[in-house]
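Each reported figure results from applying straightforward, stated rules to the coordinates on display, with no laboratory input. Just so it is clear, the model here is predicted, and its values are computed rather than measured. Methodologically, a virtual Cβ is constructed for each residue, glycine included, from the backbone with ideal geometry; neighbour enumeration extends over all protein chains shown.
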């Protein structure tokens with residue numbers, strides 16, 4: 001067991017605070033990227049889409065900075081197990097935030113493809129609803145991270161199934177549109193990928209909730225992960241082939 | 001600068017060797033998951049699909065083991081910058097392999113949805129071709145990782161565009177099938193997601209190539225990343241809406 005001097009402890013606390021600030025910055029950026037991606041999709045705003053794509057590099061850079069800071073902190077301060085978990089937690093959360101940023105960027109990349117073809121208000125309301133749910137999940141889980149609030153983290157973790165359920169119904173709705181009007185096929189496939197991206201953001205919020213549990217409790221969440229995503233096995237029965 | 005004793009150096013080398021072995025095991029598992037996923041899709045083999053889904057937990061567990069080993073090695077041995085890069089590299093590579101495993105699992109989850117509907121030999125040949133390309137990329141990049149072979153890593157990195165190109169043409173082909181025969185819409189959307197998953201495996205192989213470069217050279221790859229994926233902006237012009 002390493003004994004920390006008072007100086008080391010102070011330096012270590014400062015390192016942890018830096019990491020916390022960097023995660024908060026990254027989280028704020030990721031949230032904005034998501035709401036911007038929805039806006040760009042709704043307004044078919046190519047210029048906003050370009051901004052989102054460009055901003056993703058900042059999120060990637062923050063992840064690298066957090067990784068470097070985390071690794072150097074471990075190497076320099078030789079923290080105890082409980083403190084190591086804090087740093088491993090920062091590493092994991094930044095990984096998930098980086099993936100969330102990628103998913104927002106992928107939605108932005110599709111804005112161009114749906115431009116001028118997007119006349120599906122019901123579907124767009126579904127996409128909007130999913131986005132709001134995911135944003136609220138991410139806000140809550142980042143809050144839980146900042147306060148090390150395990151109860152709140154577990155709450156986020158339990159509610160992931162709701163987003164999957166909306167995605168499932170959206171997936172079926174899109175399949176129906178495509179069958180009714182072949183001209184909508186192209187735009188509907190892009191919206192399916194957008195919805196899938198949003199659903200996966202929810203998975204990353206769930207990952208972050210698991211990380212918070214691990215950081216505070218020192219072990220992994222005991223329950224089975226809540227999963228309602230059935231789009232991978234959704235097919236329209238009457239379309240079964242020969 | 002930390003001075004390592006001879007004992008520490010030996011212990012550190014043993015830690016690095018352990019990490020290398022774990023990455024090799026994880027890589028081998030990921031490769032098998034990919035080829036099994038293709039087999040399950042081709043043969044519409046629900047039982048193989050279940051095995052793939054179950055095996056993914058082993059890949060996830062290996063990632064956690066690698067993370068723990070890497071973090072403890074840094075905390076205990078306080079390695080120098082060049083050695084830190086080795087460990088950070090192992091962390092990054094295991095992240096990418098875990099993601100590859102997830103993508104293979106997602107393909108396996110779709111086997112059920114396409115069962116009995118899969119009668120698209122041309123498309124399946126395209127999917128098979130993409131899978132072979134990705135498997136060869138992953139094999140090469142894991143080889144490059146084991147030998148710290150930067151030249152080979154850069155070669156993998158440069159060839160990612162080829163997989164994207166196949167995915168683009170497959171995407172257009174699938175759109176065409178869907179328009180010609182609405183009964184194929186459901187199965188075609190699943191195949192689009194499968195193809196996208198394979199294309200993203202290629203992105204992770206590219207990430208690993210970048211990590212090898214960083215480990216050996218101590219800086220990031222200078223060139224712009226090769227990217228030919230245009231499916232996000234692919235729409236069929238004549239389908240442009242009102």
>> What distance in nm lies between label points placed 7 Å from Cα along the C-beta direction at residue B:25 and residue B:148?
In response: 2.3 nm
> Quick one: which of B:45-55, B:184-194 comes out on top by average Cβ neighbours within 10 Å, and what's the full order, highest first?
Replying inline: B:184-194, B:45-55
> From the square roots a ≥ b ≥ c of the eigenvalues of the alpha-carbon gyration tensor of the protein assembly as shown, which class results: rounded (a/c under 1.5), prolate (a/b over b/c), or oblate?
Replying inline: prolate
> For A:194-203, what's the mean count of beta carbons from other chains sitting within 10 Å of each residue's beta carbon?
Replying inline: 1
> In nm, one decimal, shortest first: how far is the label point of residue A:181 (7 Å from Cα along Cα to beta carbon) from the matching points in the other copies?
Replying inline: 2.5
> So what is the relative contact order for chain A, in percent, with contacts set as C-alpha pairs under 8 Å and at least six apart?
Replying inline: 24 percent
> Would you list B:21, A:200 from fewest to most Cβ contacts within 10 Å?
Replying inline: B:21, A:200
>> Residues of the range A:187-217 with the amide nitrogen closer than 12 Å to a label point 7 Å from the Cα of residue A:181, along Cα-to-Cβ, please.
In response: A:187-188
>> With an 8 Å Cα cut-off and a minimum separation of 6 or more residues, compute the relative contact order for the range A:1-135 in percent.
In response: 40 percent
> From the Cα gyration tensor of the range A:31-165, with a ≥ b ≥ c the square roots of its eigenvalues, which class applies: rounded if a/c is under 1.5, or else prolate if a/b is larger than b/c, or else oblate?
Replying inline: oblate
>> Considering only C-alpha atoms, what is the centroid distance from the range B:1-78 to the range B:196-218, in Å?
In response: 16 Å
>> Assume the label is 7 Å from Cα along Cα to beta carbon: what separations in nm does residue B:32 have to the matching positions in the other copies?
In response: 4.7
> Classify the range B:92-157: rounded, prolate or oblate, from the alpha-carbon gyration tensor (a ≥ b ≥ c, eigenvalue square roots; a/c under 1.5 rounded; otherwise prolate if a/b is larger than b/c)?
Replying inline: oblate
> Using 1/(1 + (r/R0)^6) with R0 = 25 angstrom and r between the beta carbons of residue A:217 and residue B:17, what's the FRET efficiency to the nearest 0.05?
Replying inline: 0.20
>> Taking R0 as 41 Å, what FRET efficiency do you get between residue B:9 and residue A:172 from their Cβ-Cβ distance, rounded to the nearest 0.05?
In response: 0.10
> Hey, fewest Cβ within 10 Å first, where do A:82, B:114 land in order?
Replying inline: A:82, B:114
>> Kirkwood hydrodynamic radius, computed over distinct alpha-carbon pairs, for the range B:175-224: how many Å, to one decimal?
In response: 13.4 Å
> Per residue of B:66-77, how many C-beta atoms from partner chains lie within 10 Å of its own C-beta, taken as a mean?
Replying inline: 4
> Can you give me the relative contact order of the range A:118-186 as a percent, contacts being Cα pairs under 8 Å and 6 or more apart?
Replying inline: 32 percent
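Where does each of A:34, A:163 land when they are ranked from fewest to most other beta-carbon atoms within 10 angstrom?
So the residues, fewest neighbours to most, are A:34, A:163.
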